[in-house]
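Heads up: the structure comes next, in structure tokens.
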Amino acid sequence: RKVAPLGATLPDDAGLQKAKAAPTASAWAPTAPAEPAAEPAPPAPVVGSAAPTAPAALSEPTPVAALAATPAPALEAELAVVLAAPAAAAAAEADLAAPPLLEAPPHEPAPLVAEVAGVVEPAISGNEHASALRRRLVQMGEVFAIEVAPGDVEAGLAGAAIAGKGPLKLLALQAEALAAGKPPVLRDGMPIFVNMVKTTLEHFDDVAAASRALSDAGYSPVPHLPASRFATVEEGQSTARSLAGVGAKQLLVLGGNDIQDRLDACAYPSGARGLVAAELATLKDAGFHTIGLAGHPDGHPGLGWDTAATSAVLLEKARPLLEAGLNVLVATQFCFDARKLVRWLERTRLALQGLQEEISSSVEIPGRVSFCIGLPGPTPRKKLERIAKICEVPSLFISSAFEIADADHDGVLSWEEFQGAVEMLRLSRRSQSKLMSLYQRHTDGNGLLHPEEFAGLLVEDAVAPEATRSKTSIFAAQEGAPAPQGAVVSGPSAFVDDSKTAGGGAGAGNGDSIVWPEELVLALAAYCEQEGVPSAEVRLHFFPFGGLARTFELLSKLQDGSWPKLSQDSAEAIAASN
């Protein structure tokens, strides 16, 4: 396998056996490379200020049912992204296509961000650190979210496969595990998100039926509520009440993937922001306590991947909800760059902490904030690449940055490999001595980096003090973002449909490797452990692109501590054999 990472010159691994050794001062080249010029920092968004001008509405996912009925050869044409020019400056807001909402179960309320803002830096040994990381990983496997299409909840619901044909549905997979004497993957009361991706108002009947089945089974349904589906305010209000009537206490409020085509016919032409503003009292009276908003670690393509503009829109949407005492769940688009993801999470937590502190001075009990980090479940690589392309998510690190940097693919990084990947990893702003220090702080006793140590290194760099960065805004402009192409983009919900992944999905079993989100999970666990983040505040949220069965397998392994593999696991196995 040949890998050519951007900006890095790595040795050809054909017939090459490299020497693995810890770096020393003499390992440095005599002349340091010139530091890249710092990009101008965008102004930090001011809490309470108006959001920057944005397209009228950024699109939501392509309907799942339409994709399920589309033959494979025609799928690309059906899902082709129509790139439109940004809307005029008079646009009311950017309704970001978001993955689903997650909120803490009633027995474990999500804490205020302000309550966990302190940095925790325990002085522990390498083995103790690995044990703490494993405990955090297991904890994250017990507190998570997953998204399904209405027909993927159980057989017999609209859109579900005929019993005995196709992959097992969500509730059937849970029942199968229990019947086999295995621990349950899904926990009582956990939120399960239900797509509303068809463009017809009647599709809410399918969403309501799936939500009722989940509620009856002891879970917390979280239906989608796209604003574009409603021609009248009465339709929006009655739909929200009917969803509350089937057990939903949380909603994912979106603009809708067809909002731009329905500006004249939609009761809420400004999308999710308009629906929330107009129906805030309705939502509270119906009993909803949490509303999800979109987070985009890569920035939204409709805003030119500008993370400052995207995050300013997020803050503006969060303000009225928090002031009304409703909880806000920031649910993210999936992202393959672990360092960028953690950096976005750190900065967004700080920004929302500031907003909460401001609101708490005038509101007796403001809403709480939590995060749901979107991740792809195990998925055939070719399919994941296609989904990333359609969703316009940068995919350089689709498998992991570690895999690209590990030139000889032996599972560890030497100092030479790390040096070769510095530009690709965007660490070149550090001086040589600081780079060496960063590397050595995370290496094992042999001076090498294993995957979890590399993930810890990325986390340290992502949350480093602002003084060590080339940008000073709390939200930095996107690093290495592609040129903006338009605002019509599919979201992850368009691909969460097991009917398209029967048999493992396109290419599975024919040499197409299955990508597991190991580096992303390791980095998020390392960040949460380092910062002392309560489990209810930052959670994993899986999109089962490769099928529910594969995602259940990942979750089972995460819960029993057998995945991801840590270097300590191998050391303990060797010690036990001796």
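Flag: residue 381 matches the condition of being modelled with pLDDT of 95 or more, open to solvent by 30 Å² or more (accessible area, probe 1.4 Å) and either hydrophobic (A, V, I, L, M, F, W, C) or in contact with a Ser or Thr (Cβ under 6 Å, 6 or more places away or on another chain) (or both). Inclusion of residue 307 among residues that are of a type in the set (Ser, Thr, Tyr), closer than 24 Å to residue 526 by Cβ and modelled with pLDDT of 90 or more is not warranted.
Please find, among 365, 359, the residue that is in contact with a Pro (Cβ under 7 Å, 6 or more places away or on another chain) and without any contact (Cβ under 8 Å) to a residue 60 or more places away in the chain. When all the criteria are applied, what remains is 359.
Would you point out the residue of region 400-428, among those that are touching a helix residue (DSSP H, G or I) at 6+ places or on another chain (Cβ under 7 Å) and closer than 26 Å to residue 547 by Cα, that is surrounded by the most Cβ atoms within 10 Å (Cβ to Cβ)? Ranking the candidates gives 402 first. Failed condition for residue 257, given (1) within 24 Å of residue 147 (Cβ to Cβ); (2) part of a helix (DSSP H, G or I); (3) open to solvent by 10 Å² or more (accessible area, probe 1.4 Å), with all others met? Failed condition: (2).
Go through region 280-320 and report how many residues are of a type in the set (S, T, N, Q) and closer than 17 Å to residue 344 by Cβ. Within region 280-320, residues that are of a type in the set (S, T, N, Q) and closer than 17 Å to residue 344 by Cβ number 3.
Residue count for region 166-192 under the criterion of being within 17 Å of residue 149 (Cα to Cα) and modelled with pLDDT of 90 or more: the result is 9. Restricting attention to region 270-303, the residues that are touching a Lys or Arg at 6+ places or on another chain (Cβ under 8 Å) and either closer than 16 Å to residue 323 by Cβ or assigned to a loop (DSSP other than H, G, I, E, B) (or both) add up to 9. The residues in region 510-544 that are part of a loop (DSSP other than H, G, I, E, B) and more than 20 Å from residue 398 (Cβ to Cβ) can be counted, and the count is 6. Name every residue in region 172-197 that is crowded, with 21+ Cβ neighbours inside 10 Å and over 19 Å from residue 558 (Cα atoms), in order of residue number. Residues satisfying the conditions are 193, 194, 195, 196, 197. Within region 214-234, the set of residues being out of contact with any strand residue (DSSP E or B) (no Cβ under 9 Å at 6 or more places or on another chain) and either assigned to a strand (DSSP E or B) or of a type in the set (Ser, Thr, Tyr) (or both) comprises 232 only.
Exactly one of these conditions fails for residue 550: (1) buried (at least 21 other Cβ atoms within 10 Å of the Cβ); (2) under 30 Å from residue 461 (Cα atoms); (3) modelled with pLDDT of 95 or more; (4) of a type outside the set (S, T, N, Q). Give me its number. In the conditions (1) buried (at least 21 other Cβ atoms within 10 Å of the Cβ); (2) under 30 Å from residue 461 (Cα atoms); (3) modelled with pLDDT of 95 or more; (4) of a type outside the set (S, T, N, Q), residue 550 misses (2) alone.
The values are calculated or read from the model by the stated rules, or taken from the named source; none is laboratory data. Remember, predicted model here, so these are calculated numbers, not experimental data. A quick note on method: Cβ atoms are made from the backbone with ideal geometry, for glycine too, and the neighbour counts reach across all protein chains shown. Please note that ligands, DNA and RNA were not included when accessible areas were found on the heavy atoms of the full protein model with its side chains. Shrake-Rupley method; radii C 1.70, N 1.55, O 1.52, S 1.80 Å.
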